[in-house]
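Report on the following structure.
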């Protein structure tokens, strides 16, 4: 069975698209693995680089503290 790509062609995968990147990180701020994202290995690499770049320019937090 072929994987369905959750990223449309219209969605640009870059560090400035925060709304798209938040779909691929957990509540605590970790990057989801590709088996949960249903991404190819190439797209997962682009995604992780975009998330890491967004963290460096402070668009995304490195870690979110969860209040219990």
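List of remarks:
- Largest-first principal axis extents, alpha carbons of segment 22-68, Å: 34, 25, 11
- Label-point separation in nm, residue 31 to residue 12, each point 7 Å along Cα→Cβ: 2.1 nm
Here, each number is a calculation from the coordinates, and none is a lab measurement. These figures come from a predicted structure and were not determined experimentally. Cβ atoms come from the backbone with ideal geometry, glycine included; neighbour counts cover every protein chain shown.
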